[in-house]
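What follows is a set of notes on a single structure, which appears directly below.
Bear in mind that the values in this text are calculations on the coordinates, not laboratory data. Predicted model only: the values in this text are computed from it and were never measured. Glycine also receives a Cβ, built like all others from the backbone with ideal geometry; neighbour counts cover every protein chain displayed.
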Amino acid sequence: MKVAIYIFIAIAIGLIIFNSFKLNFDDLLEGDSAIAVISIVAAACVILLMLILKASRKIAGKK
């Protein structure tokens with residue numbers, strides 16, 4: 001499970017990088033740029049959730 005967490009984090013970082021190239025800063029919420037913004041936010045949520053899961057498993061291991 002520990003390796004899977006790092007794999008999901010790496011995939012999410014890759015998606016953030018990929019979608020950041022699709023952003024159009026003139027019209028941030030129009031067309032493909034809107035999809036890229038939503039994808040970046042979703043990938044950031046995945047990273048946050050994986051870090052929370054990692055911390056909770058570490059705490060559970062200390063009990």
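Could you give the angle, 0 to 90 degrees to the nearest 10, between helix 32-62's Cα long axis and the longest principal axis of the Cα atoms of the chain?
Between the helix axis and the principal axis of the chain, the angle is about 10 degrees.
What do you get for the angle between helix 2-20 and the principal long axis of the chain? Use alpha-carbon atoms, 0 to 90 degrees, nearest ten.
10
Given the DSSP H assignment, sum -39500 (n - 2.57) over each helix run of at least 4 residues in the chain and divide by its residue total; what's the result at 222 nm in deg cm²/dmol, nearest 500?
Dividing the helical sum by the residues of the chain leaves -28000 deg cm²/dmol.
Test of understanding: what is the full-extension gain from Arg57 to Val37, defined as 0.36 nm times their sequence separation minus their Cα-Cα distance?
Answer, rounded to one decimal: 4.2 nm.
Please report the equivalent ellipsoid semi-axes of the chain, computed as sqrt(5 x eigenvalue) of the Cα gyration tensor, largest first, in whole Å.
Values for the chain, descending: 31, 10, 6 Å.
So how do 24-30, 51-57, 39-45 stack up, highest first, on mean other-Cβ count within 10 Å?
Top to bottom by mean Cβ count within 10 Å: 39-45, 51-57, 24-30.
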